[in-house]
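A short write-up of the structure that comes next.
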Amino acid sequence: MTTDPILEVRDLAVEFPLRQGIGDLVHRRPPRVVTAVDDVSFSLDPGEVLALAGESGCGKTTIARTLIGLGTATRGEILFKGRRVGGDPAEGPAISLKELRQKAQIMFQDPYESLDPRATIMDIVAEPLVVHGLAASEEQRLDRVVRALEEAGLRPADDYLRRRPHELSGGQRQRVVIASALVLEPDLLLADEPLSMLDVSIRAEILNLLNGLRRSRGISILFITHDLGIVGHFADRLAVMYLGRIVEMGPTRAVLHDPQHPYTRALLSVVPVPNPRLRRTPVILQGETPNPVDLPAGCRFHPRCPIAVEACRVTEPDLAWVRDAHRVACLLVAGASGDDAAARLPVDHAEG
Amino acid sequence: MSRAQAPRRGALRRGRRALGRNKLGAFGAILVLTAFFLAVCAPLLTQYAPTDVIRDAAGHGMTFAPPWEHGPLGTDDAGRDVWTQLVYGARISLTVAVLAGFIAMFIGSTVGITAGFVGGRADTGLMRVTDVLLVIPDLPLMLVLIATLRQMDLHVSPLAVLIVVIGLLYWTSTARLIRSQVLTVKERQFVDRSRAIGAGRIHIVRRRILPQIMPLIVVNTVLILSTAILVESGLAFLGFGDPTQPSWGTMLNFAFDRSAITNGAWWFYLPPGIAIVWVVLGFALLGNVMEERLNPRLAGHHLEGGKDMVSVQDVTEA
Amino acid sequence: MTASPLLSVRHLTTEFRLDDGQVARALEDVSFDVLPSQTVGLVGESGCGKTTTVLSVMRLLPGNAQITGGTVLFRDTDLLTLGEPEMRRHRWKDIAIVFQGAMNALNPVMKIADQVREPILQHDLMDRFAADRRVDELLELVGIPRARRNQYPHQFSGGMRQRAMIAMALACSPDLLFADEPTTALDVMIQAQVFELFKRIQAELGLAIVLVTHDLGIVAEMCDVVVVMYGGMVAEVGPVDAVYNEPQHPYTQRLLAAFPDPSLAADLPAGGQDLATIPGTPPRLNALPPGCRFEPRCDRRMDRCREASPALVDVAVTGSGSTHRAACHLLGGRETGGPEAGGA
Amino acid sequence: MDRRRFLLRKAGLALLTILVVFGINFMLFRVLPGDPVRSVIGRGVRITPEAQEALRQQFGLDQPVFPDQLVATAGQWLQGNLGVSWSLRRPVTEVLASKLPNTLILVGLAQLVAIVLGVLLGMLAGWKRKTPLDVGALGFSLVAWSVPTFWLGIILLVVGSTLFGLPTAGVVSPENTGKPLLSVLPDFGRHLLLPVLTLTIVFLGEYMLIMRSSIREVLADDYILTARAKGLSEWQVLRRHALRNAMLPLVTVIAINVGFIVSGAIYVETVFSYDGLGKLFQSSLVKQDYPLLQGAFMLLAVSVVIANFIADLLYVVLDPRVKDT
C-alpha cells in the first residue's frame, strides 16, 4: 500500500449499559453491558469500498454510527486521514467531530425515514451547507444543491427543489439522501443498508449510482449490508461480522470464492441464488444468534459452529492472516493459527 | 374537565373522518367564530349593560320576565337582561379560557420539550411532578387552591385567580404528549442525519424538532381551550367566579342558586349552557381538523403515498 | 396433463375503490394453476398484485375491494360463488396462510398454544383434549419447545413467531398453503431455517405451497413453477427452470438481469460491475397505460404495445404439466379478449 | 420482570401522590390567614383569651409548625384521626364514613353502566362503519363531551321532575331519612336515577368514542386478518380477537380519568343535593370547615390513587406485554 488509508479503526469497542433493576441496586450487582462491537479494527483506502456484512445485531450499524459520532466508543480509536477523531491536539494530529462530519457522510437504510417530512428537497440538500457555514451566497448555495441533485441522478434538479419527500418515490428519496451527502463533497460515505428497503429494479439503479460516484469522485465507501448476494457487485473488500467481531476479512473475491470461517461459509451457503439449476445444500446453522449480554466464552461462534472442537470453548481466536490480505478468526483454519487443527476442517460442506 | 387529552384527540380525529373532513371543520370554526363575535361586539348587540335592571311601565323591576315579555331572552331574578349577560358573559368565559389555556400550553410545551430533549434526571424529575399532578383529582385540588388564595387577601380579581389556577393545573397532559412526541421525533432518522451532518443542538431543536412539534402544540392549544371553557364554567357554577363580572358559568350559578329552576325560568338557565356546549364543541372540532391540516404526515405511514403504485396497504387505509 | 390442478385461478380481476372515487384495477385477468404438492412462486415488485391475488383467492379483501371477474376453482368448487358461511368452512381447513413474519400476524394478548388450537376447534375437527395433543405435535413439528407453548408472541423471536405461524397454518392439515413474504423481516440464516421447515413439512405432509415473494433467489431455490406479476397482471408463468433460463417477457428478462447472482459474484471484476436496471417506475394502478402495462418501460416496445394489452400465450409445452406462457406482443399471440387465455 | 417493575413504579407513584396531597393539605391549612380558633367557634362569639388559649393548645397550634405540628398531624392521620369538624362538631372520620357509601354507589353504578354500554356501543359503532349507529354514536359522544356535567344535571333534573315526577334532591325522601338504605330501596332508587343518568351520559360519550376508534384500529391489524383467514365469523373475530385488544386503550383512559369521576361526583351531588362526599366537599368549602375539607380532599385523593392503581393492575392482567413508559 502506497497510499495512506482514509479511515483507520483500531480496537474499537462499543458497549451499552443495561438498565439496572431495583434488585440489582439492592444486591449491588455490577452494571451489565451489551457488547455491540468488540475490538474491531480495519482500514479503508481512498476510493475503496469495504463491505461490512452480517446478520442483525452483529454490530455493523453500531460501527457506522460510532464512526460519525452518533454513538460513543467505549474503547479504541478512529483515525481519519491519520488524524485522531476527537483527540487531544497535544497528543498528535487530531480532527474535531464537526470537521469529520464535513468530510464523512452517512446514509441510512430507510429513505422514508431519513428525510424531514416538512422540509423541501432544497432545504434538505442545503442543510449541510448551512450547518457548516459554506456557500455564503444564496446563489452559490443553489448552485451547489443543483449540482449535487443532478449528480445523484435527479435531473432536471429544478423539478425537485420545491417538492417534499412524500411526493417522491423510494428510489428518488434515496437519491436525495445521496445528493445531500454529495453536496459537501465528502471523502468518505458510510452507507448503512442503503438498498434493503428498495425494490429490485430500484436497488440496481442506486447501486450503480454509488458505483459511479466511487469511480468518478474516488469516494471511499463503507457499505453496511446483510445481503451477501450484492457485495460482489460493489465491494473491493468484505468483512463478515458475528456478535460484535469481525470473523473474516479480505478481498471480496477471495472471501466469496474461498470462505474460510465456518460462519462465512454457512452464511454464503444460504444466500438464495436466482438460478434453479444451481440448487445447493445449504449449511443451516440451528438456533439464533445469542444475546450479546451473555457472550459465550472462547470463540463466540462455537455454540452454533458445525465443526467446533474443545479448544473453541476456551480460546478466543484472533483475526489472523490466511494468505495475502485475507484474514480469519478461527482456531481451525490453517495459517490462522499455529497448529494444524485445520486438517480437521471438512472442506466439502459448502459445495452441493 | 378530563385531562385525558391524548386518547380523545385520536378518537375525535377518527370521528371527524367518518363525517367528512371539511364540513365538520367548517362547522367547528363557525361555532367558535360566532362566540368570539358575540364577545367582541357585545356593546353593539345590546342596548343595556349587564347590571341594568329592566323596569316595566310602572317602574318596577321585571323579575323572571319571559322572552315574550322582554326580548330576546327575558330577564333574571334581579330583572337584568339575560341576552345582555350572555353576550358580556362570552367575554369573560373566553378571556379566562384563552389566558388559562395559553398559560397551560406554555408550561406544558416547555416542560415537555425540556424533558424530552434533555432527558436524564431533568426528564425523570419533571415527569415525576407531572405524574403526581395528573393523579391528584383536579377539581378538589383547584377548589382548595382557589379557596386558599381567596382567603389570603391578595387583592386580585377572582378571575385572575381562576386563570392562574386553571393554567397551573392543566398543562400535565400536554407536557406528557409533547414529551413523548419529542422523544419519538428525536429518535427519527432524519434527526440522526442532521446530527451526523454536524448540526448542533440548537439547530436540531429549531429546525428539525420544533417544526414537527408545532402542529401538535397548536392543535393541543385549541383542545385545551375547550377544556378550559368547561373548567371555568364548572368553577364559576360552584361559586368561584366573579359575581360582578358574570361568565356563563356564573350565570348558571345564579340561575341555580336563585331558584330559576323552580320558577320555570328556562330562559335563564338554558342559554348559558347552550353557549358553553357551542364553544366547547366548536373548539374540539376545529382542533381536530387543524391537526390534519397542519400535519401532512399524520396519516403518513410510509407505505402511503410514497410508493409508486397503489399497493394493497394504500387502498385498505381508505 | 398429469394431474388435475388443486387450485385453478382463471381471469381473476379485482378492483379497489379509492377515497376520491377512482377505481384502481389491482388485478386483471390473472390466471394460474397450482397442482397438488407443488410449490408455486408468485413473484414481482411491491404493488404488483401478489398479495391481492392471495387475498382474492381467500376472499379476505378489505371492504373497498371487489372481485369483478374470473373464477377460483379449488378442487372443482368455484370459491367465488360460495356464500360466506361455506367459504368460511374452506378457509384454513383447505387453504391456510402464513403471513409476513412481522409480530402483527399473531394476536398479542393470546397464548401461542391457544392461537394454534383455535382453528382446530373452529372447524370442529376434534375435542379440546385431542386438540391440545395436536397442538403439542404441531409445535414439536416446527421446532418450538413444549415449555414455550403458553408464552405470548412478544416473548418469541421473529423466527420463532414464524414457526408458530406455520404450526398454526398446519393445524387443520390444509391441502394448500399460501406463504406471503414469510421471511421478509428475518435474517438470512433464520430465513434458511424457515424454508428448510417448509421443505420438510411439504415432504412429510404433501401439501401444495404458493410462495409470495419479491426475491427471485428464493423462488429459484424453492419453487417448481413461477408466476411473474407486473402491474396487476401475469407477465410470465411457467416452470422455474424454463422461465429463469429462457425468460420470454422483457420484464422478466430485465428483472432477472437486475437481480445480483451471488453464485457469480466471485468471478466479477474487482470493484464490482454495474447491474442491469429497468428505467422508469411501475405504473400506478389508478392510472394504467392503455396497452401493455410494461410498455412505457420496455426497450423493445412496438406500436401495437401501446394499443392493446397482450394476452398470455404458450411459449413451449413442457412435460411436467406446467406450460410456459408469457404475455408479450413480441411472441405474436392473440390480444386481450381471446378465448381461454390462461388454460393449462 | 417487566411487570413487577411496572407495578412497583406505579405503587411508588401512588405513595408519592398521597404524600404530596398530605403535604398540600398540611401547608394550606397553616397558610390560611385568620385564626382557626375563631372559625371553630364562629364569628361574633366572644370568648375569653384563656378559653382561646385552651383551644389553641387542644389543636396543637402553640407548637412550632415544623417539625412538631407536621409530625403530630401525620401521626394522628395515620391513626385515622382527622380531627373534628368545626361546623358539625363530629369527628371528621365519622362524617366521611357516613357519606362514603352514598358516593360509592352513585359513582360505581354510573361507571358500570357507562363502561358496559360504552364498550358495547363503541364496538358496534366501530365495526359497522358509516351506519346510522356509527354516526349517531359519534354525534352523541361529541355533544356529551361538550356538555358541562352540572348543566346536564340541571336539564335532567327539570325534565325528570316535571315529566316523570322524579325527586330532585336528597338520597332518600325526608320521611325515610336515617333509615337503612336497604329498607327503603325503591325510594333510594328513584333518588339515584337522575344523578346516575347524568354521570353515565358524561362518561358514556367518552368511553364510546375511545372504544369506537380503538376497535377500528384493531380491526386493521394483521392478526385480525389471520383470524378471518382461520374461518372465524365476523362476530367471532370481534369477540375473540378484537375486543380484548381494543379494551386496552380504554383501561388506560379510565385510569387517567378517575380524577374526572370525582369532579363529576362533586357537580352532580351539588346539583341534586345528594348527600355524598362531593356535596360534603362543596359545603365544607363554603362553610370554611377546614378539618372536614382536608379530610374530604384526602379521602378523595386516596380513592383516586387506589382506583388508578387498580386500573393499572387490570392493564397488567389484560396485556401480557407491559411497556414501562
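For this structure, a couple of remarks:
- Residue D:293 meets the conditions (1) buried (at least 23 other Cβ atoms within 10 Å of the Cβ); (2) more than 10 Å from chain C (Cβ to nearest Cβ); (3) touching a residue at least 24 places away in the same chain (Cβ under 8 Å); (4) of a type in the set (A, V, I, L, M) in every case but one. The failed one is (3).
- Test set (1) within 19 Å of the chain's Cα centre (by Cα); (2) facing chain C (nearest Cβ under 7 Å); (3) part of a helix (DSSP H, G or I) - residue A:277 fails condition number: (1)
- For the stretch A:291-314, the candidate set comprises residues that are out of contact with any helix residue (DSSP H, G or I) (no Cβ under 7 Å at 6 or more places or on another chain) and closer than 23 Å to residue C:191 by Cβ; within that set, the residue that is surrounded by the fewest Cβ atoms within 10 Å (Cβ to Cβ) is A:291.
- Residues (among the acidic types (Asp, Glu) and within 14 Å of chain B (Cβ to nearest Cβ)) located in the stretch C:1-31: C:15, C:19, C:20, C:28
Conditions tested, residue by residue: (1) in a strand (DSSP E or B); (2) closer than 22 Å to residue A:244 by Cβ; (3) out of contact with any Cys (no Cβ under 6 Å at 6 or more places or on another chain).
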| site | (1), (2), (3) |
| --- | --- |
| A:4 | no, no, yes |
| A:39 | yes, yes, yes |
| A:51 | yes, yes, yes |
| A:55 | no, yes, yes |
| A:58 | no, yes, yes |
| A:64 | no, yes, yes |
| A:87 | no, no, yes |
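- Exactly one residue among C:240, C:212, C:219, C:234 is touching a Pro at 6+ places or on another chain (Cβ under 6 Å) and closer than 24 Å to residue C:314 by Cα, and that residue is C:240.
- Residue count, the stretch A:66-85 (criterion: surrounded by 21 or more Cβ atoms within 10 Å (Cβ to Cβ), in a strand (DSSP E or B) and touching a helix residue (DSSP H, G or I) at 6+ places or on another chain (Cβ under 9 Å)): 3
- In the stretch C:75-103, the residues that are of a type outside the set (Lys, Arg), surrounded by fewer than 21 Cβ atoms within 10 Å (Cβ to Cβ) and assigned to a helix (DSSP H, G or I): C:80, C:81, C:84, C:85, C:86, C:87, C:90, C:103
- Residue that is assigned to a helix (DSSP H, G or I) and either crowded, with 22+ Cβ neighbours inside 10 Å or within 8 Å of another protein chain (Cβ to nearest Cβ) (or both), where the choices are A:204, A:235: A:204
- Checking residue C:126 against (1) surrounded by fewer than 17 Cβ atoms within 10 Å (Cβ to Cβ); (2) at the interface with chain D (Cβ under 9 Å from one of its Cβ atoms); (3) part of a loop (DSSP other than H, G, I, E, B), the condition it does not meet: (2)
- Condition check for residue B:47: assigned to a helix (DSSP H, G or I) and over 30 Å from residue D:135 (Cα atoms): no
- Considering (1) crowded, with 21+ Cβ neighbours inside 10 Å; (2) within 14 Å of chain B (Cβ to nearest Cβ); (3) over 12 Å from residue C:178 (Cβ atoms); (4) in contact with a helix residue (DSSP H, G or I) (Cβ under 6 Å, 6 or more places away or on another chain), the lone condition that residue C:51 does not fulfil carries the number (3).
- Within the stretch B:247-266, the residues that satisfy the criterion of being touching a residue at least 24 places away in the same chain (Cβ under 8 Å) and in contact with a helix residue (DSSP H, G or I) (Cβ under 6 Å, 6 or more places away or on another chain) are B:247, B:248, B:249, B:250, B:251, B:255, B:260.
- Single residue of C:43, C:72, C:57, C:34 found to be in contact with a Phe, Trp or Tyr (Cβ under 8 Å, 6 or more places away or on another chain) and either within 14 Å of chain B (Cβ to nearest Cβ) or surrounded by 17 or more Cβ atoms within 10 Å (Cβ to Cβ) (or both): C:57
- Selection status of residue D:273, within 25 Å of residue D:90 (Cβ to Cβ), more than 9 Å from chain B (Cβ to nearest Cβ) and not in a helix (DSSP H, G or I): yes
- Filter result (among the hydrophobic types (A, V, I, L, M, F, W, C) and either crowded, with 21+ Cβ neighbours inside 10 Å or more than 7 Å from chain D (Cβ to nearest Cβ) (or both)) within the stretch B:122-133: B:122, B:126, B:127, B:129, B:133
- Residues that are within 25 Å of residue C:127 (Cβ to Cβ), crowded, with 23+ Cβ neighbours inside 10 Å and more than 10 Å from chain D (Cβ to nearest Cβ), drawn from the stretch C:145-169: C:164, C:166, C:167
- Listing of helices (runs of 4 or more DSSP H) fully contained in the stretch D:148-238 that carry 3 or more residues being touching a residue at least 60 places away in the same chain (Cβ under 8 Å) and closer than 28 Å to residue C:100 by Cβ: D:185-219
- When residues of the stretch A:267-286 are limited to those that are more than 19 Å from residue A:231 (Cα to Cα) and in contact (Cβ under 8 Å) with a residue 40 or more places away in the chain, the one surrounded by the most Cβ atoms within 10 Å (Cβ to Cβ): A:283
- Whichever residue in the stretch C:221-260 is of a type in the set (Ser, Thr, Tyr) and within 24 Å of residue C:208 (Cα to Cα) and, among such residues, is nearest to the other protein chains (Cβ to nearest Cβ): C:244
- Selection status of residue C:135, under 23 Å from the mean Cα position of the chain (by Cα), crowded, with 16+ Cβ neighbours inside 10 Å and either at pLDDT 95 or above or more than 24 Å from residue D:217 (Cβ to Cβ) (or both): no
- Within the set C:54, C:116, C:135, C:142, the sole residue that is under 16 Å from residue C:174 (Cα atoms) and touching an Asp or Glu at 6+ places or on another chain (Cβ under 6 Å) turns out to be C:54.
- Filtered residue count, the stretch B:185-204, keeping only those that are part of a helix (DSSP H, G or I) and more than 7 Å from chain A (Cβ to nearest Cβ): 7
- Being part of a helix (DSSP H, G or I), touching a residue at least 24 places away in the same chain (Cβ under 8 Å), under 25 Å from residue B:279 (Cβ atoms) and not β-branched (Val, Ile, Thr) is a property that does not hold for residue B:176.
- Set A:295, A:198, A:243: member being within 24 Å of residue A:64 (Cα to Cα), modelled with pLDDT under 90, in contact with an Asp or Glu (Cβ under 9 Å, 6 or more places away or on another chain) and more than 10 Å from chain C (Cβ to nearest Cβ): A:295
- For the stretch D:309-325, the set of residues classified as out of contact with any Lys or Arg (no Cβ under 8 Å at 6 or more places or on another chain), of a type outside the set (Val, Ile, Thr) and away from chain C (no Cβ under 14 Å) consists of D:311, D:313, listed by residue number.
The values are calculated or read from the model by the stated rules, or taken from the named source; none is laboratory data. These numbers come from a predicted model, not from an experiment. No Cβ is skipped: glycine too gets one built from the backbone with ideal geometry, and neighbour counts run over all protein chains shown.
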